[in-house]
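Let me begin by presenting the structure, written as structure tokens, before commenting on it.
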Amino acid sequence: MARRFRGESHHKVDAKGRVSIPASFRRVLEASDPNWQPGDNPELVIVYGDHRRKYLECYTMEAIDEVDAKIDALPRGSMQRKMLQRLFHGQSFPTNVDDTGRLVLPAKLRNKIGLEGEAFFIAAGDTFQIWKPETYEAEELAATEDWFDELPEDFDPMQFLDGIEGA
């Protein structure tokens with residue numbers, strides 16, 4: 001199993017769209033890029049998706065290869081395959097980390113999620129997401145808090161993992 005992204009952080013975005021990637025995230029990108037060698041800049045794929053997606057999802061090369069293999073296994077010409085190809089191949093941006101550990105986010109991607117001044121990074125296992133901080137707080141954080149509020153005070157989230165194979 002590949003290394004996983006962990007944690008969250010805020011980083012400044014400059015006028016040219018450059019934003020530092022958390023150092024621990026860079027290590028995962030390096031470990032999950034089969035072509036990476038010390039001194040190289042690891043590659044990744046940013047999936048920006050359609051108008052409903054309000055964040056950028058950053059995939060390691062290993063993670064996007066897994067997605068591609070699953071798409072390729074779908075029947076050729078099927079609607080599911082066409083839509084997934086559009087999302088993961090067409091609505092994506094292959095890039096790499098620069099020499100100083102930053103991503104350069106094109107204006108199209110920044111504008112899509114309203115990103116300016118500051119970016120919020122949050123780990124999502126084998127991917128990480130980049131959000132406009134206010135959007136994350138208003139939508140994702142609020143939804144998480146609402147979900148927890150519906151559970152009993154003594155609820156242990158680990159119970160969701162009970163009985164799952166490999167856990």
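The values are calculated or read from the model by the stated rules, or taken from the named source; none is laboratory data. Keep in mind it's a predicted model, so treat the numbers as computed, not measured. When we count neighbours, we look across all protein chains shown, and the Cβ atoms used for this are built from the backbone with ideal geometry, even at glycine. In case anyone asks, the SASA skips ligands and DNA or RNA and just uses the protein heavy atoms, side chains included. Shrake-Rupley method; radii C 1.70, N 1.55, O 1.52, S 1.80 Å.
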Each label sits 7 Å from Cα toward the beta-carbon; between residue 143 and residue 158 the label points are separated, in nm, by 2.7 nm
Residues whose modelled amide H sits under 5 Å from the amide H of residue 13, counting only those 5 or more places away in sequence or on another chain, are 117, 118, 119
Taking protein heavy atoms only, a 1.4 Å probe, and rounding to whole percent, the accessible area of segment 60-166 owed to carbon and sulfur comes out at 51 percent
Stokes-Einstein D for segment 70-167 (4 °C, 1.567 mPa s, Kirkwood Rh from Cα pairs), in µm²/s, comes to 74 µm²/s
Expressed in square angstrom to the nearest 10, the accessible area of residue 144 with a 1.4 Å probe stands at 60 Å²
Which of 132, 12, 54 fluctuates most in a GNM of the chain (C-alpha springs under 10 Å)? That residue is 12
The correct ranking of 53, 18 by accessible area at 1.4 Å, largest first, is 18, 53
Restricting to Cα pairs under 8 Å and 6 or more apart, the percent relative contact order of the chain works out to 31 percent
Reported to the nearest 10 Å², residue 11 has, with a 1.4 Å probe, an accessible area equal to 40 Å²
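On alpha carbon coordinates alone, what is the Rg over Rh value for the chain, Rh being the Kirkwood radius? Show your work: numbers first, answer last.
Details: Rg = 17.3 Å, Rh = 17.5 Å.
On the Cα set of the chain, Rg over Rh gives 0.99.
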Note to self: C-alpha centroids of segment 44-119 and segment 4-42 sit apart, in Å, by 15 Å
Note to self, the chain gives a 222 nm [θ] from helices alone (DSSP H runs n ≥ 4, -39500 (n - 2.57) apiece, / all residues, nearest 500) of -7500 deg cm²/dmol
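What accessible area per residue comes out for the chain, rounded to a whole number of Å², with a 1.4 Å probe?
Values: 10220 Å² over 167 residues.
For the chain, the per-residue accessible area is 61 Å².
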